[in-house]
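Down below is the structure, laid out as structure tokens.
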Amino acid sequence: MRKKLVLLSGGLDSATCLGMSVKEYGNDNVIALSVYYGQKHKRELQAANDVVNFYKVKHISLDLEPIFKNSNCSLLAWSNEDIPEESYSEQLDKNNGKPVSTYVPFRNGLFASCAASIAVANGCDEIYYGAHADDAAGSAYPDCSEQFNEAMGKAIYIGTGKQVRLNAPFIGKTKSEVVRIGLNIGVPYELTWSCYNGGEKPCGKCGTCRDREMAFRKNGVKDPAL
């Protein structure tokens, strides 16, 4: 069996992708890929290590920080922008539908491209990543959209000599649906980190904290990471 490569940030969605892949293919056939790109904190990458240790899969780390040095995305360590303490819909209303300030320019495109090279080198025939419908809504994160996934998937398949496919299993699902899937297969959400701010506990105010809290609430459970 050829292996599967999972882009693992350490957040809820990517951890669910990893859990699904391990459940279906076994941990010997799954590789996790985590990327440092200049985040303001490394809390999420620490979470990725914890999730990898839980599932006992091979873990590859990649440093792409220099590529984003000229970006002023509010997620990046050198940015002079504050991370908004608003929902994504509130942010989109203020910026006329342009991507939110926490959108890292073409990040998923870059990650998927790098993952394609790594997949070929490691005998993987599929790349999994956790893009979902809530992040794509209103073009908050355009590289989470179905259109992006379709175009990028085609490029990777052709560009790898039809060796590697791109798979976004949650592309048409909401975050609450992702959580439901993860709860059913025992994803260790207590080990994950989604907050855009570092620290001991999530801030509860940024867009991703708000989305995460709502997703667990819709499933009738408390976020085990809190």
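Once the 1.4 Å probe is applied to the protein heavy atoms, the chain comes out at 47 Å² accessible per residue. For the chain, the relative contact order comes to 24 percent (Cα pairs under 8 Å, sequence separation of at least 6).
Over the chain, the reciprocal of the mean inverse Cα-Cα separation, the Kirkwood hydrodynamic radius, stands at 17.6 Å.
Taking the Kirkwood radius as Rh and the Cα radius of gyration as Rg, the stretch 1-96 has a ratio of Rg/Rh equal to 1.07. Rolling a 1.4 Å probe across all protein chains gives Ile31 an accessible area of roughly 10 Å².
Among Lys94/Lys205; Lys4/Lys162; Lys42/Lys162; Lys23/Lys173; Lys40/Lys205, which pairs are too far apart, with a Cα-Cα distance over 24 Å? Result: Lys42/Lys162 exceed 24 Å.
Counting Cα-Cα pairs of the stretch 171-226 in 10 Å increments starting at 0 gives whole-percent bin shares of 23, 59, 18, 0. Measuring between their Cα centroids, the stretch 151-209 and the stretch 10-30 lie 10 Å from each other. Using a probe of 1.4 Å, the accessible surface attributed to Leu7 totals some 20 Å² when neighbouring protein chains are kept in position.
The values are calculated or read from the model by the stated rules, or taken from the named source; none is laboratory data. Note that the coordinates shown come from a computational prediction; the quantities given were computed from them, not determined experimentally. Just the protein is used for accessible areas: all its heavy atoms, side chains included, with ligands, DNA and RNA removed. Shrake-Rupley method; radii C 1.70, N 1.55, O 1.52, S 1.80 Å.
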